[in-house]
Structure formats: structure tokens, C-alpha cells
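Participant: Okay, handing you the structure first.
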Amino acid sequence: MLVRIVIVHDQRLFREGLRAVLHGRGEVQVVADIADLRMVAALIAETEPDVLVVDLSDVAEVPRAGSKPPLVALGDDGDQPRVARALQIGISALASKSDSPDEVIAAIRAAAAGQIYVTPRLSQGASEGQRISPDALSGLTGREREIFGLIVRGLSTASIACQLDISPRTVETHRAHLSRKLGAHSPADLVRFAARRGLLPS
């Protein structure tokens with residue numbers, strides 16, 4: 001599936017550089033780029049992108065139209081402490097500006113598919129900066145911890161069932177237990193739970 005994106009950044013060099021990196025790869029199509037944050041909503045309505053790609057420092061300022069395309073935020077290597085906060089306010093995926101084009105595309109595709117994704121370069125730093133005691137998951141069974149980890153990595157119910165050689169219905173039962181015990185009612189909630197506690201996979 002070709003993912004159509006809009007790049008939002010106030011620096012022309014950044015926008016053109018990212019466009020050049022993504023051009024011709026066959027997975028992502030840049031339909032527009034824009035510097036003026038005030039014009040983003042109108043551009044979304046006009047181009048109907050699948051994903052917005054923005055600078056991590058600008059995410060709180062980006063207005064979105066009713067369709068609310070998911071956001072992919074690009075940060076610097078020093079931005080790891082802000083990863084958890086970005087996930088809490090609804091950012092779908094995060095990548096470092098030092099990541100490879102393949103990693104950035106992986107983040108874009110994950111966001112377009114409705115998944116939460118943090119590239120290893122940022123998730124490792126976030127974990128190092130925010131790690132707390134594993135007791136945060138002390139109320140879970142071993143199998144629930146295992147499934148929690150796979151959900152945080154972005155695996156679907158079918159993929160988890162295949163990997164663990166159990167039925168999808170059993171996976172859903174464990175997911176229901178996770179939701180009740182952790183107060184997280186969606187995969188995105190579980191990822192945010194992990195991010196706030198420094199439990200994102202590296």
C-alpha cells in the first residue's frame with residue numbers, strides 16, 4: 001500500500017531533504033509539504049493524506065482537520081525523554097532524524113496502519129532515561145507479560161497467536177485481562193503505559 005504523506009516543518013531544507021530521501025522508494029508518496037502551521041488543516045482537507053510527518057517540537061501546535069490523520073514525529077537523539085509525553089498526547093509513531101530511511105518509512109507505515117511505533121534509536125534512549133522497577137507488571141501472569149510485550153511491539157492478535165501457538169480467542173482473553181489489570185483499553189493505551197514506565201522495547 002502506498003502511503004500518502006504531508007510533511008510539516010518550518011525549515012525548507014528539512015522538507016526538501018526528507019522529500020528527496022523518500023522519493024522513488026515506492027512505499028511513500030509526499031503529496032505536499034508546508035511551513036505555515038496555520039495552513040495545515042486546509043491542506044489536509046485538500047490533499048487527504050494518510051499521515052502527517054512533523055517535527056517532534058511542533059506536535060502540540062499542529063492543527064488537524066476532522067479526519068485527523070495520524071502523526072509521525074521526527075525528533076533529535078536528545079529527545080528521548082519526550083517520547084512518553086508524545087505518545088500520551090496521541091502521536092502514532094516516532095523516529096529519530098538520525099534513523100535510516102527504512103526506519104522512518106517503517107514508522108510511517110505503522111502509523112498508517114493504526115499502530116503505535118517508536119524506532120529502536122528513540123525507544124532505547126527513552127527506556128534508559130525512564131526505567132523503573134519491573135514491579136509495574138507484578139500483577140500479571142507470565143503469559144500476560146509475554147503478550148503485553150508482543151502488543152507493545154506492534155503485533156496483531158493473529159500474529160501473537162501464531163507466534164505463541166495459541167488460538168486468537170485465547171489471545172483476546174489475555175488482552176481483556178491486561179486491559180482490566182492495567183487500566184488500558186486499547187493497544188495504544190498499552191504502549192503509552194509502557195512508555196510512561198520506561199518499558200518500551202529496545
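Laboratory data are not the source of any read-out in this text; all were calculated from the coordinates shown. Just so it is clear, the model here is predicted, and its values are computed rather than measured. For neighbour counting, all protein chains shown are included, and Cβ atoms are generated from backbone atoms with ideal geometry for every residue, glycine included.
Participant: Placing +1 on the Cβ of each Lys and Arg and -1 on the Cβ of each Asp and Glu in segment 3-129, which of ALA93, PRO70, LEU22 has its Cα farthest towards the positive end of the resulting dipole?
Facilitator: Of the candidates, PRO70 comes out farthest on the positive side.
Participant: Using a Förster radius of 30 Å, what is the FRET efficiency between ALA113 and ASP10 based on their Cβ-Cβ separation? Nearest 0.05, please.
Facilitator: On the way: r = 28 Å, r/R0 = 0.94.
E between ALA113 and ASP10, to the nearest 0.05, is 0.60.
Participant: Taking only the C-alpha atoms, wrap a convex hull around segment 132-196 and report its volume per residue in Å³ as a whole number. If you can, show how the numbers build up before the last one.
Facilitator: Numbers: hull volume 5.0 nm³, N = 65.
Convex hull volume per residue, Cα atoms: 76 Å³.
Participant: Using modelled backbone amide H atoms (1.01 Å from N, in-plane), which distant-in-sequence or interchain residues come within less than 5 Å of GLN29's amide H?
Facilitator: VAL3, ARG4, ILE5
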